[in-house]
Structures are given as C-alpha cells and as structure tokens.
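The values are calculated or read from the model by the stated rules, or taken from the named source; none is laboratory data. Just so it is clear, the model here is predicted, and its values are computed rather than measured. We place every Cβ from the backbone using ideal geometry, glycine too, and count neighbours over all the protein chains shown.
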Amino acid sequence: MSDIPFTTYKPQSDDSSMLASQRQAAAAAAIARTIEAKTSSVGDHASGPANAPLVITYPAAGAGVANVISGLSWSADVAADIVIQIEDGSGNIIFRTRTEWRGSLSFQSPKKGTPNTALIVTQTAVNGPAESTLELNVLNHWTE
C-alpha cells in the first residue's frame, strides 16, 4: 500500500453518457473528498530558545491508524547548525538530518509513523548562541 494519499476516479457503467467535463468534475470531487478526509492539520508550529529542543508531538491515532507528515520548515534567527528528527513513540527514527539554520522540504514520499504510535518532530540547535530563537513548522499532517 502506498503511503501517499491518492484516490483514483473509477468510472461507473453509465459514464458513457457523461460529458468529459462532467467526468473530470466528478474525479476532482472524489479526490478533494479524500484529501479533506485525511488532512487533520496544516502549519503546526513551535518556537523557543535555542538552548532547548523544539518538539511537535502528534498523539497515537488509534488502532491501525498512523500519523503522516509531508513537509517541514525551520529557522533560527542567527546562524546555527540544526538537527531535524522525526521519530515514532516507540523510538524508531523515521527521518533525521543535520542542516543549515534555515530551510524547508517537502517529502516526495511522506513520512509515516507506526500505527497507533505517537509521531514526534524535533528540532535542535547544535551550535549558535543560546539567546537565539528557533522556529519549527510541520507543513501538513494527517492520519491514515
């Protein structure tokens, strides 16, 4: 099963009488309903001083249901090396990188946690002044 939310429009037996524009509209509506049903939050944010990690935690979503995120953005108000990590509540590291002090990324294949387990996104400044401020954003989160 793909971990990318996707719905395909499946023609019905009486679709031959529909105009192409009607079929396209029906397909777009089906995809929109799927995206709406799976999107639970957009733009979740944390900020704080560089001498403490920033953490965004999504609680366990229920039996057989996993938390998924598709992108991150981060920054510090002064130059610092940043470590970004995504892990699930059972300690599995799903993604980890050391990066520059500002950036963003969209995962081509969204990062999916273990079903019925919390998903934890952490940003830590490795160096840089303690009085600087960090910002962390999860660009899109849903459950499936």
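Restricted to region 43-64, and to residues that are surrounded by 14 or more Cβ atoms within 10 Å (Cβ to Cβ) and hydrophobic (A, V, I, L, M, F, W, C), which residue is farthest from Thr143 (Cα to Cα)?
Ala50
Any residue in region 96-119 that is of a type outside the set (D, E, K, R), surrounded by fewer than 16 Cβ atoms within 10 Å (Cβ to Cβ) and in contact (Cβ under 8 Å) with a residue 60 or more places away in the chain?
There is at least one residue in region 96-119 that is of a type outside the set (D, E, K, R), surrounded by fewer than 16 Cβ atoms within 10 Å (Cβ to Cβ) and in contact (Cβ under 8 Å) with a residue 60 or more places away in the chain.
Within region 65-95, track down each residue that is farther than 15 Å from Asn140 by Cβ, surrounded by fewer than 17 Cβ atoms within 10 Å (Cβ to Cβ) and out of contact with any Lys or Arg (no Cβ under 8 Å at 6 or more places or on another chain).
Hits for region 65-95 are Val65, Asp77, Val78, Ala79, Ser90, Gly91, Asn92, Ile93.
Among (1) over 11 Å from Gln123 (Cβ atoms); (2) outside any loop (DSSP other than H, G, I, E, B), which single condition is Trp74 missing?
(1)
I'm told Thr39 meets every condition in (1) among the β-branched types (Val, Ile, Thr); (2) at pLDDT 85 or above; (3) within 22 Å of Thr143 (Cβ to Cβ) except one. Can you identify the failing condition by its number?
(2)
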